[in-house]
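Step one of this worksheet: look at the structure below.
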Amino acid sequence: MSIRIAISGTYSTGKTTTSYALSHLTGIPRTHAKTMRELLPDVAPGKRLEECGVIELVQLGILRYCERYSHEGRLPNGFVSDGSALHEWSYGAIRSRIGINPNDPNNGPEKLGDEGKALQLSMAAIGEIAKRHAVRSYDVFIHLPVEFPLVSDGHRPVSEEFRKLSSDLLLQTLHDLSIPVKIIGGDLSSRLSKIVNSLGLTQVMDIEHAIEEAEKDLSALNIADEIARTEDISNE
């Protein structure tokens, strides 16, 4: 079955785990873009995400979009995407509303001045590109609601308000674009069962085995923060 699935949702909703497990469960290849922490050492060596300005945030968003476009294009027979082209745009759009670092009460949108206006204009332009890509490149979105606490790993300048606003913006955008979307909640096992049943997907292994394989994938990920990655590059 050829189908292009985007696993949607905001920070800490389980997109990565779900995409790994669904790929193992169905045999549909998984695709993704590099994370901000992976890209940041090239864009702004020595900086954390919360220290980045508008120009750096726009660069990161464009780089992630390019990653998605390239990786998805190599999978013409379908894929499970960890996130989507809409995600980087939606995060940037919300930052232009509430401030680059939502955890900092002194970093609201009024503090950005001309840079804030530039961010809004940039996100509007990037949004048009991302929306066209979404309409053409995804058959269905599986949207994961905010059910779990935010992961405190020190590199996500995100608040609960940010999570709600970005999740709402994603859902509204999918509605406006008439892209099919299914909101799937519950624990991982329940999510996988619901996704397979709702999309009529064929399983190539049982759910428990798929989750075990996903856990292996997750344990093999490099979770070093952006500062450690910069130091690794400088020591090469």
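Taking the criterion of being hydrophobic (A, V, I, L, M, F, W, C), touching a Leu at 6+ places or on another chain (Cβ under 7 Å) and more than 22 Å from ILE129 (Cα to Cα), the residues of region 34-70 that qualify are LEU40, LEU49.
If the condition is being open to solvent by 10 Å² or more (accessible area, probe 1.4 Å) and assigned to a strand (DSSP E or B), then region 1-15 contributes only ARG4. You will find that of LEU188, LEU192, LEU199, the residue that is closer than 23 Å to ALA85 by Cα and in contact with a helix residue (DSSP H, G or I) (Cβ under 7 Å, 6 or more places away or on another chain) is LEU192 and no other.
What are the residues in region 131-164 that are modelled with pLDDT of 95 or more, within 26 Å of ARG37 (Cα to Cα) and not charged (D, E, K, R), if any? Matches in region 131-164: HIS133, ALA134, SER137, TYR138, PHE141, ILE142, HIS143, LEU144, PRO145. Annotation: of all residues in region 58-85 being open to solvent by 20 Å² or more (accessible area, probe 1.4 Å) and among the small types (Gly, Ala, Ser), the one that is farthest from TYR11 (Cα to Cα) is GLY73. Of the residues ARG37, ARG68, the single one that is in contact with an Asp or Glu (Cβ under 6 Å, 6 or more places away or on another chain) and either assigned to a loop (DSSP other than H, G, I, E, B) or closer than 28 Å to GLY185 by Cβ (or both) is ARG37. Among the criteria (1) open to solvent by less than 50 Å² (accessible area, probe 1.4 Å); (2) at pLDDT below 95; (3) under 14 Å from the mean Cα position of the chain (by Cα), the one THR18 does not fulfil is (2). Scanning region 26-57 for residues that are under 14 Å from SER81 (Cα atoms) and either among the β-branched types (Val, Ile, Thr) or surrounded by 23 or more Cβ atoms within 10 Å (Cβ to Cβ) (or both) returns THR26, ILE28, THR31, ALA33, THR35.
For region 215-226, the condition of being surrounded by 15 or more Cβ atoms within 10 Å (Cβ to Cβ), charged (D, E, K, R) and at pLDDT 90 or above holds for at least one residue. Might you let me know whether region 133-140 holds any residue that is in a loop (DSSP other than H, G, I, E, B), open to solvent by 50 Å² or more (accessible area, probe 1.4 Å) and in contact with a strand residue (DSSP E or B) (Cβ under 8 Å, 6 or more places away or on another chain)? Within region 133-140 (the criterion being in a loop (DSSP other than H, G, I, E, B), open to solvent by 50 Å² or more (accessible area, probe 1.4 Å) and in contact with a strand residue (DSSP E or B) (Cβ under 8 Å, 6 or more places away or on another chain)), the answer is yes, since at least one residue qualifies. For THR173, the conditions (1) over 17 Å from the mean Cα position of the chain (by Cα); (2) in a helix (DSSP H, G or I) are fulfilled apart from (1).
The values are calculated or read from the model by the stated rules, or taken from the named source; none is laboratory data. All values derive from a computational prediction rather than experimental measurement. Positions of Cβ are generated from backbone atoms using ideal geometry, with glycine treated the same way; all protein chains shown enter the neighbour counts. Protein only, heavy atoms only, side chains kept; ligands, DNA and RNA dropped before computing areas. Shrake-Rupley method; radii C 1.70, N 1.55, O 1.52, S 1.80 Å.
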